[in-house]
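Here's the structure, in structure tokens; my notes come after.
The values are calculated or read from the model by the stated rules, or taken from the named source; none is laboratory data. It should be emphasised that the depicted structure is a prediction, and the values quoted were computed from it without experimental measurement. Here the Cβ is made from the backbone with ideal geometry for all residues, glycine too, and neighbour counts use every protein chain on show. Ligands, DNA and RNA are stripped out before the accessible areas are found, and what is left, the full protein with its side chains, is counted by its heavy atoms. Shrake-Rupley method; radii C 1.70, N 1.55, O 1.52, S 1.80 Å.
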Amino acid sequence: MKQVFLFFILLFPTLLLASERNALASPNGKLMFKMELLNNKLFYTVSYGGEVIIRPSSLGFVLSENDSLTSFEIVKTETTTFDETWKPVWGQYSSIRNHYNELTVFLKDLKKDRKLEIQFRLYDDGFAFRYHFPEVNKPLQIMSEESRFNFADNYKCWWIWADYNTLEKLFTHSTLREATHVAAPFTMQTSKNTFISIYEAAVDDYSTMTLKQDLANPLSYKVNLVPWADGSAVKKSTAFYTPWRSVCVTTSAGKLMESSLVWNLNEPCKIEDCSWIKPINYIGIWWEMHLGISTWGMKGGHHGATTENTKRYIDFAAQKGIQGVLIEGWNTGWENWGQVNAFDYVTPYPDFDIKEVVRYAKSKGIEIIGHHETGGDIISYEKNLEKAFAFYKSLGIRYVKTGYAGPVNPTTEHHHGQYMVRHYNKVMEVAAKYQIMLDVHEPVIPTGLGRTYPNLMTFEAVRGMEWNAWSEGNPPSHTCTLPFTRGMAGPMDYTAGIVDILEKSQAEKRVKWNDLDKGNSAVHSTVSNQLALMVVLYSPLQMASDLIENYNNHPAFPFISGMPTTWDETKVLDAKIGEYVVVARRKGNKWYVGGITNEQGRTISIDLSFLTVGQNFKLQRCSDAPDAHFETNPTGIEITKDKVTSASQLEIKMNEGGGFILILEAED
Ligand code: NOJ
Ligand code: CA
């Protein structure tokens, strides 16, 4: 009886609004949606806690041959409620609730009497919609998706310019008026402190979206699809669903970061047995090449990926509790990087004995992360794909990092269009077939497909650590912005954890190899900030990226070496976009807390009430030394130990560009 009663209470807001046919509320009733037909055009409106955040915004498509799907008649609507809790293979949580109310509108197009359906979903932390083309029997070309977001005010926002080929950029903080053409995720804050992130989920055989401002109305943005060479946006020939257009809506910046909306909008796992999928931390033959200490290829006599050097990394990993070693530059072709057919993906350089390296790693319980740099040469990579993955599989290599550093071949296609989306998803499927987990660099922006294919583990899609090795680098505010912008798209292989901040330990060996290098590169943060980033920026493959010589005997290394790469629980304790972030993550009876700040120092109070009441916890802390500063004294750290309970309060000073990391472990 009690359960039946509860059921009605839960459904009441939906049913009430469904009786209006065209309106819907989120399960907690705070997010409201309305749809209306005005002169046969379909519009939607969204409000949150009484604040209209998206004013009436139109929906539809322009098709090829002067055709369009923009004027409709409503045939019927249907509403449903869905509520389940599912367990991801890895992630920020060990279980995720997927609870939404849904309204589907069945439309008849007035031009040619075709059918189109639109699903609208309301979650407590967001709104999403997608189109369904139920009847496609001949080739169809979408020239433009006419979905709009008409924002109600000139919100503050954080964005990068919509480049069709790269996402490796620094963010601009402005108001909407200045943000004329932006990449997604697009994050904003209203004057009533509602936080919004516009995004897309489940992009499969479609092109990715950017958001283009309407010149006549700067608060209005239209979905802009990255085009094919012929100018069309999407090519289809059978019935399909578009990706979800999503609007994450929360009361704080921290809640944006805690949201699982992008995962909930993706399809459940399609891999039956996921027992082979394991998140790991890793080190690698990587930073040394970016610093110019060694090279990817053999020319010049400073080859990084030699059998001997790799064994050193394997030994270090085995001794220090690291699970994997990435090897870049083991295969021939780097002399021709950027040209077509540069790599065959299977031939080792003569100074690299791949079988011996894998045998040695296995004997020490270490995973090897293989590498496929494609240079963007998709045509050649696709020809070699099966062979390249079968080769790693035959050796027992279960992790592969891919990379697309270079212009796409075919040169007429953009990096973020449908052609490349097809390519990345094909690689994901081939990798799954060979039971290989992926870390994709220069990817198309991730959209949560890692729920459906959990072997698709992590992505770059960010101006990451490498930029600090050979350019003016990333300012401290960059990483304080990422969790709320790029981070909304899912895991990020930022590759933090540098302790030799000034990059001086082998400075005499460095050779300039990148034109952006002005000889003044450094990691613009303190050491404590670097350690904290590994907690703040989530990735199921988490790299500690510095040279092993720099980690050897470093007092702070134990803070990162045993860090989990999948969590039971995640709580953002405090955050202001672009300024600071404090995140707590739990695995079993251990909490890790990471805090970072921008160029400004600040003191943070941490209330430990998230700890189990009545339990004592051992606290280890690494924070900035009193005179630490990201420019003048970046390596100054202080390591302390303490005992705390859920009633304790901590005051922690983060210096300029600084941060801290805490490990809290329940006592037996
Ligand atoms: C760019 C990737 O982001 C980086 O991690 C890699 O080392 C280089 N390409 C070379 O493949
Ligand atoms: Ca890159």
Do we find that P491 is of a type outside the set (K, R), crowded, with 24+ Cβ neighbours inside 10 Å and part of a loop (DSSP other than H, G, I, E, B) in this structure? yes
Yes or no: T187 within 22 Å of S26 (Cα to Cα), touching a Ser or Thr at 6+ places or on another chain (Cβ under 7 Å) and open to solvent by 10 Å² or more (accessible area, probe 1.4 Å)? no
Please determine, by comparing only the residues of segment 434-466 that are among the aromatic types (F, W, Y) and away from ligand 1 (no atom under 16 Å from the Cβ), which one is surrounded by the fewest Cβ atoms within 10 Å (Cβ to Cβ). Y434
What pairs can you find where one residue is in segment 394-406 and at positive phi, the other is within 11 Å of ligand 2 (Cβ to nearest atom), and their Cβ atoms are less than 9 Å apart, with a gap of 6+ or different chains? G406/E373; G406/E442
Hey, which of the strands (runs of 3 or more DSSP E) in segment 537-637, taking only ones fully inside, have at least 3 residues that are open to solvent by 10 Å² or more (accessible area, probe 1.4 Å)? 569-576, 580-587, 602-607, 617-624
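So which residues in segment 647-668 are more than 22 Å from Q600 (Cβ to Cβ) and open to solvent by 20 Å² or more (accessible area, probe 1.4 Å), if there are any at all? Don't jump to the end; show me each part of the working.
Initially, segment 647-668 is screened for residues more than 22 Å from Q600 (Cβ to Cβ), giving 647-649, 663-668.
If the condition is that a residue be more than 22 Å from Q600 (Cβ to Cβ) and open to solvent by 20 Å² or more (accessible area, probe 1.4 Å), then A647, S648, Q649, E665, E667, D668 are the ones that fit.
So how many residues does segment 18-64 have that are assigned to a loop (DSSP other than H, G, I, E, B) and free of Cβ contacts under 8 Å to residues at least 40 places away in the same chain?
Here is the first cut: in segment 18-64, the ones assigned to a loop (DSSP other than H, G, I, E, B) are 19-22, 26-30, 39-40, 49-50, 59-60, 64.
Add one more test, that the residue is free of Cβ contacts under 8 Å to residues at least 40 places away in the same chain, and what stays is 19-20, 29, 39, 50.
Going through segment 18-64 one residue at a time, the tally reaches 5.
For segment 438-460, indicate whether the set of residues that are within 16 Å of ligand 2 (Cβ to nearest atom), farther than 28 Å from A233 by Cα and of a type outside the set (D, E, K, R) is non-empty. Can you show your working first?
Going through segment 438-460, the residues within 16 Å of ligand 2 (Cβ to nearest atom) turn out to be 438-446, 458-460.
Retained after the next criterion (residues that are farther than 28 Å from A233 by Cα): none.
No, every residue in segment 438-460 fails to be within 16 Å of ligand 2 (Cβ to nearest atom), farther than 28 Å from A233 by Cα and of a type outside the set (D, E, K, R).
So for segment 186-206 (the condition being farther than 24 Å from V440 by Cα, of a type in the set (G, A, S) and at pLDDT 95 or above), does at least one residue qualify?
Residues of segment 186-206 that are farther than 24 Å from V440 by Cα, as a first pass: 188-196.
Add one more test, that the residue is of a type in the set (G, A, S), and what stays is 191.
Remaining after also requiring at pLDDT 95 or above: 191.
Within segment 186-206, one or more residues are farther than 24 Å from V440 by Cα, of a type in the set (G, A, S) and at pLDDT 95 or above.
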Looking at segment 387-399, can you tell me whether even one residue there is within 16 Å of ligand 2 (Cβ to nearest atom), within 25 Å of M543 (Cβ to Cβ) and buried (at least 22 other Cβ atoms within 10 Å of the Cβ)? no
Looking at (1) farther than 18 Å from S237 by Cα; (2) surrounded by 19 or more Cβ atoms within 10 Å (Cβ to Cβ), which is the only condition Y131 fails? (1)
Away from ligand 2 (no atom under 16 Å from the Cβ) and closer than 30 Å to D500 by Cα, is that true of I283? yes
Pairing a residue in segment 327-340 that is hydroxyl-bearing (S, T, Y) with any residue that is surrounded by fewer than 22 Cβ atoms within 10 Å (Cβ to Cβ) and outside any loop (DSSP other than H, G, I, E, B), where Cβ atoms lie under 6 Å and the two sit 6 or more apart in sequence or on different chains, gives none
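When you scan segment 224-336 for strands (runs of 3 or more DSSP E) that lie fully inside it, which ones turn up with 2 or more residues that are surrounded by fewer than 21 Cβ atoms within 10 Å (Cβ to Cβ) and more than 22 Å from the chain's Cα centre (by Cα)?
234-236
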